[in-house]
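Notes for the one structure printed next.
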Amino acid sequence: LGVPAADAGRFIPARGTLILLPSNLLSQWEGEFQRFLGPRAFKFLVVRSMTDLKHITAKDLAEVEVVLASYKILYATAYMERLKSLQCTRANRFHERSFLGAPIEQTLEEVQKATEQFLAPGGGAKVGWTRRARAHKERDMDKGPEDFLTDEEIEERLDLLGRCTSVRDLEQPVFELFYWRRIVFDEFHELEAMDRRRCTMLQNLRAHCRWGLTGTPPVRDTHQIAELARILRVQLADADLAECQRFLDTFVRRNKADLPEIPVEEHQVLVQQTPEERALYMSQLHDGNRQSLLQFCSHHCLKQLRELNGEEDMGQGGDGPGASARATVTKLGSQKREAVAKLKDIAARERLA
């Protein structure tokens, strides 16, 4: 598809799909591709860390059909350092610390300007892009955000980090340089928890199509819907309920698996309840429906929780596995005692009446 006319000359055209996902799902996605489509169905790259990205060129990313990458790569220190190194050109005389403490938008804006200059005819030799970012020990800590590089310092930097004059040979390419065929955000609902800087980086990635995959669509309120719509580059007014609903009606789709219904068998098991458990059961039976009653009765009683986690583990202090078990027991016990006390209070008032 190339790059749209409005963005022509500002991005490297990529023919493939960038799939961003939690790092613990990378192997699963890779395995699913090979299992259902065959190992040679797609030409794809798996980018697990910056170590992988250091062995990839812009030509590699532009020509593969699928790129699987972890979200955490975008926020890794080494990735950010590479992004900052690409903002530096002969024209602006910036260095890696030019926007120290500044919003990420400034760095992203300068990288896009530098990309446009680099992609212009003859721009590769003029811009002054480096083949890699500075290593930690090579960082110039004497330069402040207000300082600019001299001509001599620019050439010294290029000699140190290597000169890149061809976009195809650019090493350690960041994803922001490309215009992808599509971008897929897996576990889309989890992006709500990311901070503003990380959300901005996701919004800044460009593609013809943007997909969010989730089993639990984030539709709690209009603010949540609007925030996640922005990652798809759709601008909504936070408080406009009608606008948010139109977005859901237009862009959100639910796929249903064409699978036979799982058969359910019910078995009756007689149990002996304590007086407290009987009171809670009768209360739930009276106030709730059958489904909530089944869910209520699925919880372990206090004795079972203790046996499940072990009395010795339950007695330990600190933040070990026993701490979580103790918190669960304490919370459940408190809830049951409060419910019993409420029932006793109601019964007492009824007797007085």
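Among the residues that make up the stretch 136-143, is at least one of them of a type outside the set (G, A, S), in a helix (DSSP H, G or I) and in contact with a Cys (Cβ under 8 Å, 6 or more places away or on another chain)? The answer is no, given that none of the residues of the stretch 136-143 is of a type outside the set (G, A, S), in a helix (DSSP H, G or I) and in contact with a Cys (Cβ under 8 Å, 6 or more places away or on another chain).
When every residue of the stretch 149-164 is checked against the conditions, at least one turns out to be among the basic types (K, R), open to solvent by less than 60 Å² (accessible area, probe 1.4 Å) and within 28 Å of K59 (Cβ to Cβ).
Report, by residue number, each residue of the stretch 190-222 that is over 12 Å from the mean Cα position of the chain (by Cα), assigned to a loop (DSSP other than H, G, I, E, B) and either closer than 27 Å to I12 by Cβ or of a type outside the set (S, T, N, Q) (or both). Matches in the stretch 190-222: L205, G215, P217, P218, V219, R220, D221.
Out of the residues in the stretch 25-56 that are in a helix (DSSP H, G or I) and under 20 Å from A78 (Cβ atoms), state the one that is most open to solvent (accessible area, probe 1.4 Å). By that ranking, first place goes to T51. A135: surrounded by fewer than 13 Cβ atoms within 10 Å (Cβ to Cβ), under 27 Å from I19 (Cα atoms), without any contact (Cβ under 8 Å) to a residue 24 or more places away in the chain and out of contact with any Phe, Trp or Tyr (no Cβ under 7 Å at 6 or more places or on another chain), yes or no? So A135 does not fit the description; no.
Looking across the stretch 113-132, the residues that are surrounded by fewer than 20 Cβ atoms within 10 Å (Cβ to Cβ) and touching a residue at least 60 places away in the same chain (Cβ under 8 Å) come down to E116, L119, A120, R132. Yes or no: the stretch 260-275 includes at least one residue that is in contact with a Pro (Cβ under 7 Å, 6 or more places away or on another chain) and open to solvent by less than 100 Å² (accessible area, probe 1.4 Å). No, the stretch 260-275 contains no residue that is in contact with a Pro (Cβ under 7 Å, 6 or more places away or on another chain) and open to solvent by less than 100 Å² (accessible area, probe 1.4 Å). The condition (being surrounded by fewer than 18 Cβ atoms within 10 Å (Cβ to Cβ), touching a His at 6+ places or on another chain (Cβ under 8 Å) and on the phi < 0 side of the Ramachandran plot) is satisfied by just one residue among D140, D221: D140. Regarding P121, is this residue touching a Gly at 6+ places or on another chain (Cβ under 9 Å) and part of a loop (DSSP other than H, G, I, E, B)? Taking the combined requirement at face value, the residue does not satisfy it. Each residue in the stretch 57-74 was checked for being within 25 Å of L161 (Cα to Cα) and either out of contact with any helix residue (DSSP H, G or I) (no Cβ under 6 Å at 6 or more places or on another chain) or not in a helix (DSSP H, G or I) (or both), and 4 pass. R278 satisfies every condition listed in (1) within 30 Å of E109 (Cα to Cα); (2) modelled with pLDDT under 85; (3) assigned to a helix (DSSP H, G or I); (4) of a type outside the set (F, W, Y) except (1).
Do we have R157 as at pLDDT below 95, part of a helix (DSSP H, G or I) and touching a Lys or Arg at 6+ places or on another chain (Cβ under 7 Å) here? Criteria not met by R157.
The set of residues from the stretch 75-85 being assigned to a helix (DSSP H, G or I) and over 11 Å from the mean Cα position of the chain (by Cα) comprises T77, A78, Y79, M80, E81, R82, L83, K84, S85. Here L248 clears all of (1) closer than 30 Å to P217 by Cβ; (2) more than 35 Å from the chain's Cα centre (by Cα); (3) at pLDDT 75 or above except the condition numbered (2). The residues of the stretch 86-107 that are in a helix (DSSP H, G or I) and among the acidic types (D, E) amount to a single one, E105.
The values are calculated or read from the model by the stated rules, or taken from the named source; none is laboratory data. Because the structure is a prediction, the values reported are computed rather than measured. With ideal geometry, Cβ positions are generated from the backbone for all residues, glycine too; neighbour counts draw on all protein chains shown. Ligands, DNA and RNA are excluded from the accessible area calculation, which covers all protein heavy atoms including side chains. Shrake-Rupley method; radii C 1.70, N 1.55, O 1.52, S 1.80 Å.
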